[in-house]
2 protein chains.
Amino acid sequence: MAAGGADDPIEHLIGLLSRLPGLGRRSARRAVLKMLMRPEQQMLPLAEALQKAAEAVRPCGVCGNLDARDPCSICRDPDRERELVCVVEGVADLWALERAHAHRGLYHVLGGTLSALGGTGPEDLSIQPLLARLAEGKVEEVILALPATVDGATTAHYLTDRLRPTGVRVTRLAQGVPIGGALDVLDEGTLAAALKARRSV
Amino acid sequence: MAAGGADDPIEHLIGLLSRLPGLGRRSARRAVLKMLMRPEQQMLPLAEALQKAAEAVRPCGVCGNLDARDPCSICRDPDRERELVCVVEGVADLWALERAHAHRGLYHVLGGTLSALGGTGPEDLSIQPLLARLAEGKVEEVILALPATVDGATTAHYLTDRLRPTGVRVTRLAQGVPIGGALDVLDEGTLAAALKARRSV
Ligand SMILES: [Zn+2]
Ligand SMILES: [Zn+2]
């Protein structure tokens, strides 16, 4: 520790851990110290889990969810309603909806929202793959579960225009999602209610 | 995620991470998601750092500090005052004192404090190794930097009695350490001041 610089394995590990969201340097230090007390029981299993996840987890080629299988567990699940596709900005929102047990259909991860300021255009999002999924003719309703922000609304409008020619019903989450709020920090009840009260656009 | 149980690599990883102090399940989930976006850049380096630390880091055979070298970097440092040994409860306190740059001598990690309730007796602590170090005759002063708790005070009294026959000067941290406070959460200024104003017991 004391004399150790960047080449010191403890300092190096604390540095990497403290970059994780939610872990400051102090927490990282405490976590490392706790793990070092039982390296075989705590540190090596975590190292293995990280390696395994890094190797096994990939974006689903159908919906964009992150999973150890491709197509992902949701896309493979025979009990999901395949006529219903919920479009989300990112995987965090997909996971939040799954935790709410609010949606029994499939998903489509856009990978972002349109943003003039951020320089994100339609070609940067997974819109063509969504249209290709709809072209297969099995999807009857697309639920736009996008953040209640300016960029989210812009993206919802844009998608509604692009989806109109497909004849698929397009709905969005009910009012109830707080303005400016990210989906993945909402409580599960709010998410479930907003999804249930969704309305046509 | 969704369908995944304990055998799902993402859920397994989130479970392990959320056991770390300072990381709840929500933070662990966000951390995993962030890492999964760039597995090669974030996840594998962390896995390697954990593995390397688990393999390389061991308690120092002299002082009990955790380090990739044995004896540790502090015990090897020719610039440290070898006449001065600071006795701490655990490695977290040693690290806290090092961050305060408050102590230019060596350390001795007891590995706990005496606790009637916790069933920790003198034989459970690194007291014999401390006496053996003192028997070499080079140490002139032992600073007891123990927590300002009942158990810390009990341990300090016990050590003072055991060390008296050696003729070594025994001091303790000055008043200034808050009652009931753990050392490793104190700010560095308080630690440095308390160490500087230490007094004989
Ligand atoms: Zn999928
Ligand atoms: Zn040492």
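Close Lys pairs in the protein assembly as shown, defined as Cα atoms under 28 Å apart and 8 or more places apart or on different chains, number 8. Helix A:150-163 and the longest principal axis of the C-alpha atoms of chain A enclose an angle of approximately 50°.
Interface of A with B. Using a 1.4 Å probe and counting protein heavy atoms only, the two chains hide about 4800 Å² of accessible surface, both sides summed. Applying 1/(1 + (r/R0)^6) with r as the Cβ-Cβ distance of B:Glu136 and A:Ser18 and R0 = 35 angstrom yields a FRET efficiency of 0.35. In the assembled protein chains, B:Ser27 presents an accessible area of approximately 30 Å² (probe radius 1.4 Å).
Carbon-plus-sulfur accessible fraction, the range A:9-56 (probe radius 1.4 Å, protein heavy atoms only): 47%. Using a 1.4 Å probe on the protein heavy atoms only, what accessible surface does A:Arg80 show? Give it in Å² to the nearest 10. About 10 Å², rounded to the nearest 10. B:Glu136 sits with roughly 130 Å² accessible to a 1.4 Å probe, with DNA, RNA and ligands left out of the calculation.
Largest first, the residues B:His12, A:His103 sort by 1.4 Å accessible area into B:His12, A:His103. Ligands, DNA and RNA are left out, and with a 1.4 angstrom probe the accessible area of the protein assembly as shown is 47 Å² per residue. Please identify which residues in the range B:112-140 have an amide N closer than 18 Å to a label point set 7 Å out from the Cα of B:Glu83, following the Cα→Cβ vector. The answer is B:134-140, whose backbone nitrogens lie closer than 18 Å to the label point. For the pair B:Leu117 and B:Glu188 in one chain, pulling the backbone fully straight at 0.36 nm per residue adds 22.5 nm over the alpha carbon distance.
The values are calculated or read from the model by the stated rules, or taken from the named source; none is laboratory data. Source: prediction; values computed, not measured. Reconstructed Cβ throughout: ideal geometry from the backbone, glycine too, with neighbour counts over all protein chains shown. Heavy atoms of the whole protein, side chains included, go into the accessibility calculation; ligands, DNA and RNA do not. Shrake-Rupley method; radii C 1.70, N 1.55, O 1.52, S 1.80 Å.
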